[in-house]
Amino acid sequence: MADTLLEVNIEEAGYDGNHSTIEQVEFAVKSGQLTGLIGPNGAGKSTTIKAIMGLLTEVKGTISFTKAGNHYAYIPEQPVYYETLTLWEHLSLASAVYGVDETVLEREGNALLERFRMTEVKHHLPDGFSKGMRQKMMLMIGFLIRPDIYIVDEPFVGLDPRATRDFLALLEEERRRGAGVLMCTHVLDTAERICDDFVLLSNGRIVVSGELGDIRRAASLPEGTLFDCFNALT
């Protein structure tokens, strides 16, 4: 049985003390498994992620990284970068922060550059990159530090099909290593194909969670796609 890496038990959370954005949000992320966090706009997905990352002051409940030394990589929907640092300098900075050995940086960093076809812009500033290239940079930083848990927000936005394939292949390699993944996405056909289980949020609460069969039973759609079930339940 897979080890639990993250336990989320949020009674309520929000951006001020007078109004809760999410309530009764409970789920776990396990080793080697990919959990899809899905829901319509305004459902509370971003608030949930911020609560997990400790970015909200108004959180009632517990969020537990249950493995000793547990650390995560957050890959945001909107790339965040330093305008004065090159792509390689971003990788070097991340490796320094997370204690990645210099030889590992050289080996793994260059392998990631080659895999995402970014070697030619290794020493370029990200201001000149397309959104897809910046997203690739975020993915490379995440994969470089090899965390216990990946928290990924809308990873497919801006990625071309080839980069999407590379991302999913690397994610599968990391899952085989034992990493857990919490992925927030609107791309439901891909989520149905790659996720082990789902947490469906609507209006700040969990509508249903579990494997696809659980989602189908909740939606009364025994053969329904995740998209069909999503529409029926939200």
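Numbers below:
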{"read-out": "Only one of Arg162, Arg117 that is in a helix (DSSP H, G or I) and over 22 Å from Val25 (Cβ atoms)", "value": "Arg162"}
{"read-out": "Residue in segment 177-193 that is of a type in the set (Lys, Arg), at positive phi and free of Cβ contacts under 8 Å to residues at least 60 places away in the same chain present", "value": "no"}
{"read-out": "Qualifying residue in segment 153-162 (condition: out of contact with any Lys or Arg (no Cβ under 9 Å at 6 or more places or on another chain), assigned by TED's automatic domain parsing to the domain that holds Phe27 and modelled with pLDDT of 95 or more)", "value": "no"}
{"read-out": "Selected residue [out of contact with any Pro (no Cβ under 6 Å at 6 or more places or on another chain) and farther than 14 Å from Phe143 by Cα] from Glu108, Glu102", "value": "Glu102"}
{"read-out": "Hits in segment 120-142 (condition: more than 16 Å from Ala94 (Cβ to Cβ) and assigned to a helix (DSSP H, G or I))", "value": "Glu120, Val121, Asp127, Gly128, Lys131, Gly132, Met133"}
{"read-out": "All positions within segment 70-93 that are modelled with pLDDT of 95 or more and outside any loop (DSSP other than H, G, I, E, B)", "value": "Leu87, Trp88, Glu89, His90, Leu91, Ser92, Leu93"}
{"read-out": "Where a residue in segment 128-147 is closer than 16 Å to Ala96 by Cβ and its partner, wherever it lies, is in a helix (DSSP H, G or I) and among the charged types (D, E, K, R), with Cβ under 9 Å and at least six apart", "value": "Met140/Arg115; Leu144/Glu108; Arg146/Glu108; Arg146/Glu174; Arg146/Arg177; Pro147/Glu174"}
{"read-out": "Matching residues, segment 32-69, being within 14 Å of the chain's Cα centre (by Cα) and not in a helix (DSSP H, G or I)", "value": "Gly32, Gln33, Leu34, Thr35, Gly36, Leu37, Ile38, Met53"}
{"read-out": "Selection count where residues are in contact (Cβ under 8 Å) with a residue 60 or more places away in the chain and either closer than 18 Å to Val152 by Cα or hydrophobic (A, V, I, L, M, F, W, C) (or both), scope segment 5-25", "value": "4"}
{"read-out": "Any hit, segment 183-200, residues being surrounded by fewer than 17 Cβ atoms within 10 Å (Cβ to Cβ), of a type in the set (D, E, K, R) and over 30 Å from Glu23 (Cα atoms)", "value": "no"}
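The values are calculated or read from the model by the stated rules, or taken from the named source; none is laboratory data. In this text, all values refer to a predicted model and were calculated from it rather than measured experimentally. Every residue, glycine as well, gets a Cβ built from its backbone with ideal geometry; the counts of neighbours run over all protein chains shown.
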